[in-house]
Amino acid sequence: MQNPSHRFAEIVLGVDARRPADGAVRFAFDCARLWGARLRAVHAWRFPSCAAELPFGIPEEDRAAWEDHEVQLLSDALRPWRGKFPDVRVLEDVRHLPPAEALALLSADAGLVVVGRSRTGEPGTVAREVLRAARGPVVVVPV
């Protein structure tokens, strides 16, 4: 049986760093603060469409520059929340994977996975895929 104190050692938050869902971000930070858990903010990304047009693959320096840009986007998106919740330990995690796959992989060891609901009011594609594949509790929060 899992140690109850380990149960909420980490909360995983799926973040679209270009359009963070404020409701989901606030919920995850609140839970992390209340439970004394670390918050792992996960931003998944893909290569830009221009990468497919490169005849000899993606040069390492281009990949590194794109990844650095994604890391900066996540950092910028979380900056105001870190200011509001200075006592929450945050791990910024940028992954080159489809978002649902990245979150499902982390769900087995997380006390909770938090994702935002689409702007239409229904769970979006990512939320539905995470709900289907997660190996732990998932909360879908309105944006």
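Out of curiosity, is VAL141 under 18 Å from PRO20 (Cβ atoms), crowded, with 20+ Cβ neighbours inside 10 Å and not charged (D, E, K, R)?
no
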Need the failing condition index for ASP109 against (1) charged (D, E, K, R); (2) farther than 20 Å from PHE29 by Cα; (3) at pLDDT 85 or above, just the number.
(2)
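The values are calculated or read from the model by the stated rules, or taken from the named source; none is laboratory data. Treat the numbers as computed from the prediction; the structure is a model and nothing was measured. Here the Cβ is made from the backbone with ideal geometry for all residues, glycine too, and neighbour counts use every protein chain on show.
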